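Derivation of every value follows stated rules applied to the coordinates shown; laboratory data play no part. No experiment lies behind these values; they were computed from the predicted model shown. Reconstructed Cβ throughout: ideal geometry from the backbone, glycine too, with neighbour counts over all protein chains shown.
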Amino acid sequence: MRLVDPIIAELEQEAESTRRVLERIPEDRLSWRPHPKSMSLGQLALHIATTPGGVAQIAVLDTMERPGADRPEPKNKREVLEALGQSLSSAMDVKIAESEASISAPEQARPKESPNEPPAELTPAASLTRSSEMGERV
C-alpha cells in the first residue's frame, strides 16, 4: 500500500457526500442569490465542485498569483457534476505524483521529533491541503 492511498480513499469518500449534495441542487435555482452581493447557488456549487483539484494544485506550488474574483455561472447541474469529476481526478493525480516524488526524493537528516510536535516533513502547504480536502477547519 502506498502512503497516499489512505488520503485518496478519504478523498473518494468525501466526494460521494459532495456529489450527493450537488445532485440535490434544484436546476431551476442555479441563478438564485440570497443577497445581491452573494454568489449565486450555481457559482457556490461550482466553487465546491472545483475545490479539491484547486487545493491540491496550490499545495505543490511554491508561489501563486491571487485568483480573480470572477466566478463562472454554470449553465446546468451536469456542468457542476462534471467539474466535480474533473477536480477529483486532478486532485488524485496531483496527490499520486506528489507521493511518488517524495518517495524518490533523497533522504535528508532531520532533527529528532518530539511526540507533542507535528512531524518535520509536514509543511504548512501540505497540512492546508489535507485540511481543505477533507473538510476540516484550519
For region 5-102, average projected area of the Cα convex hull in nm²: 7.0 nm²
- request: Report the label-to-label distance for D5 and S90 in nanometres (one decimal), using points 7 Å from each Cα along the Cα→Cβ vector.
  value: 2.8 nm
query: When you count, for each residue, the other Cβ atoms within 10 Å and take the mean per peptide, how do 81-90, 25-34, 67-76 rank with the highest first?
result: 81-90, 25-34, 67-76
- line: Residue span D70 to R33: 0.36 nm per residue of separation minus Cα-Cα distance leaves a gain in nm of 11.8 nm
- prompt: Between I58 and V21, what is the spin-label point distance in nm, taking each point 7 Å from the Cα along the Cα→C-beta axis?
  reply: 1.7 nm
